[in-house]
Amino acid sequence: MTNPLFKTKSLASLQEEAADTKGLKRQLGGVNLVMLGIGAIIGAGLFSLTGLAAANNAGPAVTISFVVAATGCAFAGLCYAEFASMIPIAGSAYTYSYATMGEFMAWIIGWDLVLEYAVGAATVAISWSQYLTKFLAYYNIHIPVAFSHSPWETVTMADGTVASGMINLPAVFIVILLSLLLIRGTRESAMFNGVIVVLKVAVVLVFIILGYNYINPANYTPYIPENTGNYGEFGWSGVVRGAAVVFFAFIGFDAVSTAAQEAKNPQRNMPIGILGSLIVCTILYVLFSYVMTGVANYKEFAGSAAPVAVAIQKMGYPWLQQLIIMAILAGYSSVILVMLMGQSRVFFSMSKDGLLPKVFSEVHPKYSTPYKSNLMFMIFVSLFAAFVPVTVVGEMTSIGTLFAFVLVCIGVIIMRRTLPHATRSFKTPLVPLIPALGVGTCLYMMASLPFDTWLRLIIWMVLGVVIYFVYSKKHSVLNRKERV
């Protein structure tokens, strides 16, 4: 008899769930899914990490770093695309793990995804608040430090005095606003996201087009600066280390898979959404970094908190700085939206399986959205964003995401062996090579993160294991069926 911890859900039962018309509505097309992916991927990372990686690691060859990072993401993306077309369920990596590695590993990855989606949404909301404050200050509208920072943060004012935070109200505002939009409906949320995506992509294109005329070819010499003698500081090792830095500008494409149960034709549209958004963002990232390092020398980005501003000063368009901040605000809004949506959909699937209380899978009778789950995460993420400093959880989001990528890549290899003849409308090429490369790339990225990030991940996972054995194992639908 199979150990209940490693009992898997059958592909037939998962496909039966996908066909259920009583829950989430199928109303998203291929374009909607590509927009969701772009919405989740393009945040402020493009504007900050590009200069950071160029100045400290890769020089002008940061363009190559983006290609390397995109290749690593593509390995995982191809695996996600296969699973999403086979198992069009809202649970993403959680559901895929349940089908391949059993209930316990599924719980582990579902619990881990809280780090990517809920904690990630709170982290981005805090950054959104900081950029809003900066944007409004340009027009002499000042939000008091006490109401725009957490109680553990201080800000040195222009006159030298130090002000302490109390609560981050702008961060709470954006979380509440987007949560209510999600409750209103998936189609409406997708339309809102589509408008935001068009806006932020337009700003990126404006920077690329205007900046192209100010490129100084001398800034590309040498294209790959000579290594300093330290690993990761220029040379080829710097290009690879730069890839690890900019990799996090790609994180988010996997959130598309959480909308699988709301896609009109998931077998066709899920691969389009996942891989299409990756391709579009890679092209934009490479062009953006090429122009940025051509307009200003990579050495000028060193130590700059806003490296893109250095390039804008060279171009002589001061208004472009405000436009970039607008794009960042829009970008962050869509990231928060997709992360909140992804979190509620993962918990929706976990609740349907009995691993979480039923409240997380209750669907609104009119809007067909998991509204109670949305409300609960609105409160949780708002509290996190209001009172916790951003530095505490930023890297936890990255390590949680990479761990999910690793398990999805392993899952494809397992599924090919256990169900070789199952219908696959999209197949990951060169299995097991592509998934193995995905595992290796993601583990390398995880290894580059600091020890305290690993420690927080372990503590979070231990808490998850306790919850599983105290509650989830006893209420598991699969285990109850076994006991009957």
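Applying 0.36 nm per residue to the separation of residue 5 and residue 134 and subtracting their alpha-carbon distance, the gain on full extension is 41.4 nm.
Phi-derived couplings, Karplus 6.51 cos²θ - 1.76 cosθ + 1.60 at θ = phi - 60°, listed residue by residue for the stretch 147-154: 10, 10, 9, 6, x, 9, 10, 10 Hz, with x used for Gly and Pro.
Put simply, the amide H of residue 28, placed in the peptide plane, has neighbours under 5 Å in 263, 264, leaving out anything fewer than 5 places away on its chain. Principal axis analysis of the Cα atoms in the chain yields extents of 71, 49, 40 Å, listed in decreasing size.
By the combined test of axial Cα extent (at least 27 Å) and Kyte-Doolittle hydropathy (mean at least 1.0), the qualifying DSSP H helices of the chain come to 62-86, 186-212, 266-295, 318-352, 394-418.
Ordering 401, 272, 323 by Cα displacement along the dipole of the chain toward the positive end leaves 272 in first place; charges were set at the Cβ atoms of Lys, Arg (+1) and Asp, Glu (-1).
In the stretch 106-261, a dipole from Cβ-located charges (positive for Lys and Arg, negative for Asp and Glu) runs towards its positive end, and of 255, 189, 225 it is 189 whose Cα lies farthest in that direction. Basic side chains Lys and Arg get +1 at the Cβ, acidic Asp and Glu get -1 at the Cβ, and with that the dipole of the chain about its Cα centre reaches some 1420 debye. Each of the peptides 333-343, 266-276, 435-445, 192-202 was scored by the mean count of other Cβ atoms within 10 Å over its residues; in descending order, highest first, they stand as 333-343, 266-276, 435-445, 192-202. With 0.36 nm allotted per residue and the present C-alpha distance subtracted, the residue 71-residue 163 stretch has 28.7 nm of extension available. Shown is the FRET efficiency for residue 15 and residue 173, computed with R0 = 41 Å from the Cβ-Cβ distance and rounded to the nearest 0.05: 0.50.
Each part reduced to its alpha carbon centroid, the stretch 205-267 and the stretch 398-429 end up 25 Å apart. Length available on full extension from residue 141 to residue 461: 0.36 nm per residue minus the Cα-Cα distance, which gives 110.9 nm.
Rule-based calculations on the coordinates, nothing more; no lab input. Computed from a prediction, not measured in an experiment: that's the story for all the values here. Heads up, the Cβs are rebuilt from the backbone with ideal geometry, glycines too, and the neighbour counts pull from every protein chain shown.
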